[in-house]
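Colleague: This structure is in structure tokens; I'll ask about it shortly.
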Amino acid sequence: MDKLSPQLFKKLMDFAYQAYQEESHKDTLRQKGKTPYITHPVFAASLLLADRRIPWKDRFIGYQVLILHDVLEDTNAKLPDWLSDEVINGVKELTFKDSLSLENKFEIVKKKDDFIKLLYLCDTLSNLYEEHVALPVKRRKLWKEMVGWFAREVEKAYGDIRVVEVANAMIENTDW
């Protein structure tokens with residue numbers, strides 16, 4: 001069984017930090033300068049990694065994918081050779097190089113496999129947790145629809161997991 005060793009964690013974090021902070025072609029601060037961008041992928045990855053109801057292999061691969069999920073989209077960095085093919089493929093599955101609308105991304109991810117839907121739900125929850133209040137009402141409604149749809153799909157595939165509970169709690173307790 002693979003384990004997330006401190007060395008692998010540091011290697012992922014060092015690469016991601018450098019990519020997001022030094023090679024980004026987007027603003028590297030979230031929430032109008034309050035937090036560095038690296039907090040977003042770490043939050044998304046932590047949601048997944050901490051959910052012990054999800055099979056370990058999905059958490060192990062998914063955590064790495066989520067730490068790196070915006071590297072190809074938002075930076076000029078290339079993924080390192082030391083990543084597994086599963087991690088590289090996962091990052092590519094979550095990458096949207098074109099300036100697609102949220103609606104288009106939603107339609108694309110709907111057709112992906114259950115594992116990618118799970119990772120996209122974690123990414124979406126991280127985005128909403130940080131940014132939902134600043135979104136226009138129309139966008140909030142789309143985000144609510146997305147979170148609800150992905151939560152139902154992920155629950156069908158993974159059962160009663162904490163990530164789905166978080167998604168449902170956000171839907172119920174957010175002023176949409």
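Read-outs throughout are calculated quantities, based only on the coordinates presented, and are distinct from any laboratory measurement. Quick caveat: nothing in here was measured; it's all calculated off a predicted structure. No Cβ is skipped: glycine too gets one built from the backbone with ideal geometry, and neighbour counts run over all protein chains shown.
Colleague: Helix-derived [θ] at 222 nm for the chain: sum -39500 (n - 2.57) over DSSP H runs of at least 4, divide by residue count, nearest 500?
Modeller: -20500 deg cm²/dmol
Colleague: Which ordering of Tyr37, Tyr120 is given by a fewest-first count of other beta-carbon atoms within 10 Å? The partial results should precede the final answer.
Modeller: Working: Tyr37 21, Tyr120 25.
The order, fewest Cβ neighbours first, is Tyr37, Tyr120.
Colleague: For the chain, what log10 I(q)/I(0) values come out of the Debye formula at q = 0.20 1/Å, with one point per alpha carbon and no solvent?
Modeller: These q points yield log10 I(q)/I(0) values of -1.56.
Colleague: What number, in percent, do you get for the relative contact order of segment 6-173 if the mean sequence gap of Cα pairs under 8 Å and at least 6 apart is divided by its residue count? Each step should come with its number before you reach the end.
Modeller: Numbers: 168 pairs, mean separation 36.8, N = 168.
22 percent.
Colleague: Next question. Treating the beta-carbon of each Lys and Arg as +1 and of each Asp and Glu as -1, no other charges, what is the dipole magnitude of the chain about its Cα centre, to the nearest 20 debye?
Modeller: For this selection, approximately 280 debye.
Colleague: Sort Arg139, Arg52 so the one with the fewest other Cβ atoms within 10 Å of its own Cβ comes first.
Modeller: Working: Arg139 13, Arg52 10.
Result, fewest neighbours first: Arg52, Arg139.
Colleague: Who wins for biggest fluctuation among Ser24, Ser101, Ser84 in a Gaussian network model of the chain, springs between alpha carbons below 10 Å?
Modeller: The residue with the greatest mean-square fluctuation here is Ser101.
Colleague: Still on this structure, please answer the following. Alpha carbon centre of segment 101-176 versus segment 35-74: separation in Å?
Modeller: Value for the Cα centre distance between the two parts: 15 Å.
Colleague: Using 22 Å as the Cα-Cα cut-off, could you pick out the over-long pairs in Lys92/Lys156; Lys105/Lys138; Lys10/Lys78; Lys11/Lys105?
Modeller: Lys92/Lys156; Lys11/Lys105
Colleague: State the answer as a single residue: which of Leu49, Leu72, Gln21 lies farthest towards the positive end of the charge dipole of the chain, with beta carbon charges of +1 for Lys and Arg and -1 for Asp and Glu, about the Cα centre.
Modeller: Leu49
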